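This report concerns only the one structure given below.
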Amino acid sequence: GDQVEQSPSALSLHEGTGSALRCNFTTTMRAVQWFQQNSRGSLINLFYLASGTKENGRLKSTFNSKESYSTLHIRDAQLEDSGTYFCAADYGNEKITFGAGTKLTIKP
Amino acid sequence: NSKVIQTPRYLVKGQGQKAKMRCIPEKGHPVVFWYQQNKNNEFKFLINFQNQEVLQQIDMTEKRFSAECPSNSPCSLEIQSSEAGDSALYLCASSLTGMDTEVFFGKGTRLTVV
């Protein structure tokens with residue numbers, strides 16, 4: 001079935017540094033969403049992309065529909081960025097399919 | 001961010017007991033989803049609705065789980081006879097349509113079956 005491969009599964013960054021998370025999709029999909037899940041379990045919407053690139057503060061996300069992948073870039077990481085990040089694919093089947101998540105730890 | 005309201009936030013039930021949780025979707029969103037997130041952070045789609053009608057659901061939902069979205073009342077997900085393996089975070093979400101639009105989640109109901 002439709003799957004989402006998310007990497008890395010865990011990432012540790014020092015404050016002020018940056019990195020990228022990636023999701024690969026198994027087939028053509030219509031859109032991708034990125035979420036941050038905090039320690040209490042709340043899912044915070046970061047980005048919704050049907051194509052192209054969006055930027056919001058220190059976060060930037062790109063969706064390459066032709067090559068079926070999406071990335072989330074974090075720059076100048078802050079302590080409050082810690083959490084688990086999920087991408088989710090809209091395969092056009094009336095639900096979204098989640099990746100396995102990236103647990104991000106920011107160290108002082 | 002999200003205006004999806006889920007109650008209760010925490011629920012503790014004994015094995016064999018019923019467990020019921022509720023969800024009020026964001027105003028104007030006719031599509032409602034229920035997901036289960038287990039302790040390994042894996043998401044499982046359970047069921048979705050457009051207004052009061054079920055769009056699709058998985059097998060396990062058909063057997064021990066029941067869900068509804070009556071008009072002018074909160075949506076609900078009920079486990080008829082809770083099992084230890086049902087312990088999880090249950091997340092409700094809503095959107096304008098079933099696809100091609102952003103999905104917004106509530107804060108979840110954390111169910112513990114003891």
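The values are calculated or read from the model by the stated rules, or taken from the named source; none is laboratory data. These figures come from a predicted structure and were not determined experimentally. Quick reminder, even Gly has a Cβ in these numbers, built from the backbone with ideal geometry, and neighbours come from all protein chains shown. Quick note on the areas: whole protein, heavy atoms, side chains included, nothing else; ligands and nucleic acids left out. Shrake-Rupley method; radii C 1.70, N 1.55, O 1.52, S 1.80 Å.
Looking only at A:68, A:39, A:82, which one moves most when chain A is put into a Gaussian network model with springs between Cα atoms under 10 Å? Of the options given, A:39 has the highest mean-square fluctuation. At a probe radius of 1.4 angstrom, the accessible area of chain A per residue rounds to 47 square angstrom. Here the relative contact order of segment B:9-64, from alpha carbon pairs under 8 Å that lie six or more residues apart, stands at 21 percent. Structural descriptor for chain B: relative contact order 38 percent, calculated from alpha carbon pairs under 8 angstrom and at least 6 residues apart. Among the residues of segment B:62-101, those with an accessible-area drop of 50 Å² or more from chain alone to full protein complex, heavy atoms and 1.4 Å probe, are B:99, B:100.
Computed over segment B:5-113, the P(r) curve from all C-alpha pair distances, binned at 5 Å from the origin, holds 2, 13, 25, 27, 19, 10, 3, 1 percent per bin. For the protein assembly as shown, report the translational diffusion coefficient in µm²/s to the nearest whole number, using Stokes-Einstein at 20 °C, 1.002 mPa s, and a Kirkwood Rh over Cα pairs. Result for D is 120 µm²/s. Would you tally the net charge around residue A:87, using a Cβ to Cβ cut-off of less than 12 Å, leaving residue A:87 out, and scoring K and R as +1, D and E as -1? Net local charge, residue A:87 excluded: -1. For segment B:5-113, the number of Lys pairs separated by eight or more positions or lying on different chains, with C-alpha atoms closer than 27 Å, is 19.
Which aspartates and glutamates have a Cα lying under 19 Å from the Cα of residue A:107, excluding residues fewer than 8 positions away in the same chain? Here the aspartates and glutamates satisfying the reach criterion relative to residue A:107 are A:15, A:76, A:80, A:81. Relative to the compact-globule estimate of 2.2 N^0.38 Å, the Cα radius of gyration of chain A comes out at 1.01. Chain A packed on chain B takes about 1900 Å² of accessible surface away from a 1.4 Å probe, both sides summed.
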